[in-house]
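Q: Below is one structure. I have some questions about it.
The values are calculated or read from the model by the stated rules, or taken from the named source; none is laboratory data. Worth saying up front: this structure is predicted, and the values here are computed from it rather than measured. Neighbour counts are summed over all protein chains in view; Cβ atoms, including those assigned to glycine, are modelled from backbone coordinates with ideal geometry.
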Amino acid sequence: MTFRKALAALAVLGFTVVAFPSVALAVAGQPVENQLWFQDAVTPTMEATMEFHNLLFIIITIITIFVTALLAYVFIRFNKRANPTPSKTTHNTLLEVVWTAVPVLILVAIAVPSMRLLYFQDVVPESDMTIKAIGSQWYWSYEYPDHGDFAFDSIMLTDEEAAERNEPRLLATDTQVVVPVNKTVRLLVTAADVIHSWTIPSFGVKIDAVPGRINETWFKATKEGVYYGQCSELCGVRHAFMPIAVRVVSEEEFAQWVEQAKEEYASNDNAPQQLAAVAVSQ
């Protein structure tokens, strides 16, 4: 952990303990009750996003402390009692140059890593596999074109089903997206009806699913586990009930799952295209 990241984390932890003793820090995969801070990063994109956030946190903290101290000094030094005869100075060239140049330098210091991060997120590197996600009201469908072109739907579990499986309420799905660990996944995203948004906080991924358009993004999960997200667009009355669940496994386990999925979902190969065709016809 770099000094900058450690300083930001320490500042947030201290503030949390003092101001919100009952608030919990987030963990990877899913939100927790009274959560503060991000979910743990498990992709290079989210790690870069958190590092940029930590930089901004330090900058705004320094600015806030400086401005607060400056205001306190002005209140004390230049009130009527302490300064009964005010100065009639109207201009200070050096001061005006400083208060113009310093904010510009701060904005440049923010802009450079910001543009670097945007480029890193936007440019899809050479990928190891491709997955297509199709948003529908109100569930997700997935295709694996590189592994037999099978497809399946992923629908939220009911409260009873989630409790029975010991999985999180409103986040667990009957089928999960499965990907191998440490592999670059190219994600193609579209929709069959209205605009949806495919989002996994621990991955640092959020991309709109637009009907008639294919957007793309990528992720590379570096830690095995199950990671949850939800549609992040107001896509209708059941917007809050179309979660996303991604299970990151070893390469061996992924290969075994692919063989099983080819058999299990063989009859569903054309399901997403049929759903899109029905939506267009309506």
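Q: Select, from L187, L171, L234, the only residue that is under 18 Å from the mean Cα position of the chain (by Cα) and free of Cβ contacts under 8 Å to residues at least 24 places away in the same chain.
A: L234
Q: Which residue out of V194, V179, V258 is part of a strand (DSSP E or B) and hydrophobic (A, V, I, L, M, F, W, C)?
A: After applying the criteria, what remains is V179.
Q: Moving on. Please determine, by comparing only the residues of the range 154-213 that are within 15 Å of R247 (Cα to Cα) and of a type in the set (S, T, N, Q), which one is surrounded by the fewest Cβ atoms within 10 Å (Cβ to Cβ).
A: N182
Q: Could you grab me the full set of residues in the range 88-132 that are surrounded by 10 or more Cβ atoms within 10 Å (Cβ to Cβ) and outside any helix (DSSP H, G or I)?
A: N92, V124, P125, S127, D128, M129, T130, I131, K132
Q: What about L56, is it hydrophobic (A, V, I, L, M, F, W, C) and in contact (Cβ under 8 Å) with a residue 24 or more places away in the chain?
A: yes
Q: Turning to a different aspect of this structure: Identify the single condition in (1) within 24 Å of G29 (Cβ to Cβ); (2) touching a residue at least 40 places away in the same chain (Cβ under 8 Å) that T158 does not satisfy, given that it satisfies every other one.
A: (2)
Q: Also, quick follow-up: Out of all the residues in the range 78-121, which are in contact (Cβ under 8 Å) with a residue 12 or more places away in the chain and within 24 Å of the chain's Cα centre (by Cα)?
A: A109, I110, P113, S114, L117, F120, Q121
Q: Quick check on my filter: what residues within the range 250-262 are farther than 16 Å from T173 by Cβ and either surrounded by 15 or more Cβ atoms within 10 Å (Cβ to Cβ) or among the basic types (K, R) (or both)?
A: If the condition is that a residue be farther than 16 Å from T173 by Cβ and either surrounded by 15 or more Cβ atoms within 10 Å (Cβ to Cβ) or among the basic types (K, R) (or both), then E253, F254, V258, K262 are the ones that fit.
Q: Collect the residues in the range 220-254 that are part of a strand (DSSP E or B) and either among the aliphatic types (A, V, I, L, M) or in contact with a Lys or Arg (Cβ under 9 Å, 6 or more places away or on another chain) (or both), keeping them in residue-number order.
A: Scanning the range 220-254 gives G225, V226, Y227, G229, I244, A245, V246, V248, V249.
Q: Within the range 144-153, can one find any residue that is farther than 30 Å from I244 by Cα, modelled with pLDDT under 95 and assigned to a loop (DSSP other than H, G, I, E, B)?
A: no
Q: Criterion first (of a type outside the set (V, I, T), in contact (Cβ under 8 Å) with a residue 60 or more places away in the chain and over 20 Å from D40 (Cα atoms)) does R213 satisfy it?
A: no
Q: Residues to consider are A271, A279, A245; find the one that is surrounded by 15 or more Cβ atoms within 10 Å (Cβ to Cβ), at pLDDT 95 or above and under 30 Å from the mean Cα position of the chain (by Cα).
A: On inspection, the qualifying residue turns out to be A245.
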